[in-house]
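To start, the structure itself, in C-alpha cells.
Just so you know, all these numbers are worked out from the coordinates, no wet-lab data involved. Remember, it's a predicted structure, so these values are computed and weren't measured experimentally. Methodologically, a virtual Cβ is constructed for each residue, glycine included, from the backbone with ideal geometry; neighbour enumeration extends over all protein chains shown.
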Amino acid sequence: MNRAYAVLEIKSVDPVARTLTGIASTPAPDRHGDILEPLGATFANPLPLLLHHDRAKPVGTAVLTARADAIHFVATLPFIDAAGALRDRVEEAWQSVSAGLIRGVSIGFRPLANGMKQLKDGGIHFLKTDIGELSLVTIPANVDATILSVKSYDAPHLAATGPDLPGAAGLPVVRVSKGTPAMTISEQITQWSNTRAPKAARMADLMAKSAEKGETLNEAESQEFDGLEAEVKSIDTQLTRLKTAEQLQIATATVVTPTTTTLEATTIRSARPVITVKANVPPGTAFVRYCQAMAVSKGSRYEAAEYAKQWKDTTPEVELLLKAAVAAGTTTDATWAGPLAPMTNLTNEFLELLRPATILGKIPGLKRVPFMVSIASQTAGGTYAWVGQAAPKPVSKLAFSAVTLGITKCAGIIVITEELARNSTPSAEATIRADMIAGIAQFLDLEFTDPTKAAVANVSPGSVTNGVTPLTTAGTSAANARTDLQALLNALAVAGLDPANAVVLMSATNAMALGAAVNPLGQPTFPSIGAMGGTALGITIIASQAVGSNVIALDPGSILYADDGGVSIDASREASVQMDSAPDNPALATTVMTSFWQNNLIGLRAERFINWKKARTGAVQYLVATYTA
C-alpha cells in the first residue's frame, strides 16, 4: 500500500474530547515527487487511525472529507479505562502528538484501475485511489498540510469537575423521536448516532462554505454553528454514558449457548461441562504416523493398526482409520462413507500445512474449477460509443473460448530407512513431515513458474509463464524496480486486465533487496516489503526462491486451478526402483535398480491430482531482474 504524508501543527487544546482535525493530503508534489489527486480519492468512513502504519496497532478512528484543495480529516482517540497494552498504546500516541514529538500524518492507499500517470520528473500522479487508513507518523513529506485543532480531556480534569463530563453543565437538551415505547441501549446508541450525523455534517458544510469564500462566518451562521456544536457535545455526552452502561450490561450478562441437539441442551441445563480433549502434537503428525504404520506393516492394515496402538493417547484417529472395514458402496447406504472420514481429515490436515508452503497456496483469488469440465472464458469485450440523436448504435459481440482442465497428477517416492520408519519420536516424525512438505512444495512452485516448462498433453500442465515474451528490466536499483513493477502492471492493463487485482511473484532475495533500499532521505523505498513478501504500489508481493531472477505479475482471476484436495499414500519394501529424481522412461539395460528389501529401505509413494491453466493469454507478464539495495 502506498503512503502520502502531511504535517501536524498543534494550535489549540479544548477540554472536550481527544480529537485531531487537519489536512491529510494536498495536490502539491511531496518529497518523493508524487501527487495524489484529492477528488480522485475514495474511502469508506470511518477509517482506522494507526500508529506508524502498523495494522496491529490501531489507536482510534478517522473521518475524511475530500475537496479540491486537500483531503481533510477528523481523527478521534478513545479513552480506555482498563489497564493493558491497548490503553498504553493509545496514551503513547496521544502524548506523542500533544508533546509535538509526532507531527505528521500519512494516508495508506492503493491506486485504482487506470488511476496512475507517470510524471516527467519520475514521480507518479495518482488520479484514482482507494484510501484504507490514516496513520500518525514521525517523518512527514508533504509540508503544505497542517492540523487545525487538537481537543482533549484527561482524568485529572475530570476528577476536578465531578462525575459529569467536562462542559456538560449548561448543555442543551436534545431529543430524538422514538420509534417504539422502549429501546435497548444498543438501539439508543444507534438512534443518537443517527441524530448526531446530520448536525455534524451541517457544521462541516458551514465551515467548508466559509473556506470557499475566504471569510469568517456571519452572525446567523455563527449562531447556527454554535448551537449545533452545543447539541453535538450534548449528544456525545449521552453516547458516552450509554456506551458505559452497555459495557456494564455485557460484563454481567449471561451467555446464551445455541444448541442443535437434545443432548447438548440437556448438558447445558444440568450445568455439566462438556470437555474436549485435543492432542498436543504438531499439525500433520497424524498423517505422518499413518504413513509410518503403513510402511512398517508392509501394507497390511491389521499389522498397521496394531502398530498404531502406541499412539492411541495422542492420535487415536490413525488406529481408527486402519481398523475401519470399508464395504462395497450402495445408493441406499447413507453411512457407507463414514470410515473414509478419518482419512479425509488426515489428508486435509497435511494439505493445510502444504498449501501455505507453495506459491499456489499463497496467491489469493485463483479461480478454482473441477477437473474435466469445460469452462467458458471471455477473451474480448463489446464495443461502445457515444451516439447522436437518430443515429445508429454500434453492434458488437463478446468473444469466448472454452478451457478444460484434464486430470494430471504429481507424484514422488520418498525413501526412508526401516529404522526411521519404526522410530516414533517427534524428531523422526518431523523429519518425514518436513521432507514431504518441502519436496512437493518445491516441485509445484518450479512447475508453476518456470518459463521453460511447457505443457505435456495428458501428463502435466505448462507453467503460467511458458510462451510469454519477457519484458526488459530497467536495471538493478530500487528505482528501476519501481519502473519494472509499473511496466508489468501496464502490460496487464494493455491486455484488458485490472492491474489493481494483480499479484507479483519474486524471489526472497529480490524482496529483501527492495526492503533494504532507502531513498536519499534515508527512508525505506519499499517499507512494506521483506523476505516474506509484502505490498508495493498497492499490490501483493509474494516471495519464493523458486522463481529465481524472474519477476512475475499475474491476474489470479484468469488462472484456472483444479485440485482434488487429497494426497494418496502407498508403501512398499519389496519394490526395486531407480534412485533418481529423473528416472529413465522406459528403463534401459544400463539402468541401476535398488532393492528396498535388500537395503532395508521403505518407499512411500505420494500422489496428488492437480492442474492449472491460463484462461487468458495476457494474464501473466514477467521480466528477469536481480535487484540490489
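Remark: for residue pairs Lys453/Lys613; Lys367/Lys393; Lys367/Lys409; Lys362/Lys409; Lys57/Lys367; Lys409/Lys453, the C-alpha separation exceeds 23 Å in Lys367/Lys393; Lys57/Lys367. How much FRET efficiency would the formula 1/(1 + (r/R0)^6) give for Glu212 and Ala245, where r is the Cβ-Cβ distance and R0 is 41 Å, rounded to 0.05? E(calc), rounded to 0.05, equals 0.45. Applying 0.36 nm per residue to the separation of Thr65 and Ile139 and subtracting their alpha-carbon distance, the gain on full extension is 24.3 nm. For Leu446 and Ser222, the difference between the fully extended length at 0.36 nm per residue and the C-alpha to C-alpha distance is 73.8 nm. Peptide packing for 466-479, 41-54 was compared via the average number of neighbouring C-beta atoms within 10 Å per residue; ordered from the highest value, the list is 41-54, 466-479. Here the gap between Ala479 and Ser460, fully extended at 0.36 nm per residue and compared with their Cα-Cα distance, gives a gain of 3.0 nm.
With neighbour counts taken as other beta-carbon atoms within 10 Å, the residues Trp597, Trp386 rank, fewest first, as Trp386, Trp597.
Counting only the backbone N, which residues of region 184-214 are under 18 Å from the spot 7 Å out from the Cα of Leu39 toward its beta-carbon? Flagged as within label range: 208-214.
Listed peptides 441-449, 208-216 appear in the order 441-449, 208-216 once ranked by packing, highest mean of other Cβ atoms within 10 Å at the front. Residues in region 528-555, backbone N under 17 Å from the label point at Asp498 (7 Å along the Cα-to-beta-carbon vector): list them, ranges by number please. In region 528-555, the label zone of Asp498 (backbone N under 17 Å from the point 7 Å along Cα→Cβ) covers 538-540, 554-555. Could you tell me the calculated FRET efficiency between Leu101 and Ala516, based on Cβ-Cβ distance and R0 = 30 angstrom, to the nearest 0.05? Computed FRET efficiency for Leu101 and Ala516 comes out at 0.65.
Computed from backbone phi with θ = phi - 60° and the Karplus coefficients 6.51, -1.76 and 1.60, the 3J(HN,Hα) list for region 594-608 is 10, 8, 5, 4, 5, 9, 6, 10, 10, x, 10, 9, 10, 10, 9 Hz; x is used for glycine and proline.
If R0 is 41 Å, the Cβ-Cβ spacing of Asp81 and Arg368 corresponds to a FRET efficiency of close to 0.30.
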